[in-house]
Each structure stands twice: as structure tokens, then as C-alpha cells.
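The values are calculated or read from the model by the stated rules, or taken from the named source; none is laboratory data. Note that the structure is a prediction, hence the values are computed from the model and not measured. Every residue, glycine as well, gets a Cβ built from its backbone with ideal geometry; the counts of neighbours run over all protein chains shown.
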Amino acid sequence: VDALRHEGSRVGVSYVLPYIADTELGRGTTTVARTFRVLRPEEIADAIVAAVRDGTVDVWLPRHSRLVNRVALLVPRPLREAATRVLKADRVLAAPDAAARRAYEDRVKTASSLARSSQGDEPGASRS
């Protein structure tokens, strides 16, 4: 980003760092983490539009996650890990609900198989 600005480029870069979104990808993950909630896709879309419109580089969703991250970087690792456990942030991806994720997982497997077979990488496929 800084290199683009330094070179006088008119290309803008933004990155969005959302917590779990209520999308097919996010379904089945736990929402036990204290201080965080699952985001609506519209919230993320609105943040992206605002970032492009306003030239914002980094967008944290929810907003307070930026502060949480910055504070976490200032404390020693053992304290940071303890806070992560207290906030239950370490449990978010630990035990996904397989039934809630099944449709997504099946679609990913199918797409993966199709991609491999179109490239001749299917197990047992001969290569010329």
C-alpha cells in the first residue's frame, strides 16, 4: 500500500478483517466468543463500499476488534493466550457443527473434484 502511494499510483487497496459472517462458510462455527457476534453479510458489504468510497485501508469488523487486536499485541504472549481462553476466542473454530456445515463441505468437495478432473489430476487419471 505504501509503495503504491510512494510511486504515485492511483490504485487503492483496502483489506477487510471480519469476524465470522452469517454465510455458508461461517455456518456451523461456534459463536461462544465473548464480545463478538456473527456479522450479517450486508454489514460487511457496507463496510467494503465505505472503504472504497473513503479510501480506508484497513477495516476491522466489528470495529472494536481492531482495539482488541492492538491491545493483545502489547501484552506478553502468556497473558494474551489467557485472555483468549477467558473470552473463549480459542473455541470459535474448535468444534464446528458438522450438520450445519454439510452443504458447504459437500459443495467444496464437488468443486474440488471437478477442478482436479478438468486438469487431469483425478486419482488414477493417466498423464500424457
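Details
- Enumeration of residues in segment 1-17 that are over 12 Å from ASP58 (Cβ atoms) and touching a residue at least 40 places away in the same chain (Cβ under 8 Å): GLY12
Here is a yes/no grid of residues against (1) polar (S, T, N, Q); (2) in contact with an Asp or Glu (Cβ under 7 Å, 6 or more places away or on another chain); (3) free of Cβ contacts under 8 Å to residues at least 60 places away in the same chain; (4) at positive phi:
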site	(1), (2), (3), (4)
VAL52	no, no, yes, no
LEU61	no, yes, yes, no
SER65	yes, no, yes, no
ARG70	no, no, yes, no
VAL75	no, no, yes, no
ARG80	no, no, yes, no
ASP97	no, no, no, no
TYR104	no, yes, no, no
SER117	yes, no, yes, no
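- VAL49 vs. criteria out of contact with any Pro (no Cβ under 7 Å at 6 or more places or on another chain), under 30 Å from ARG107 (Cα atoms) and at pLDDT 80 or above: yes
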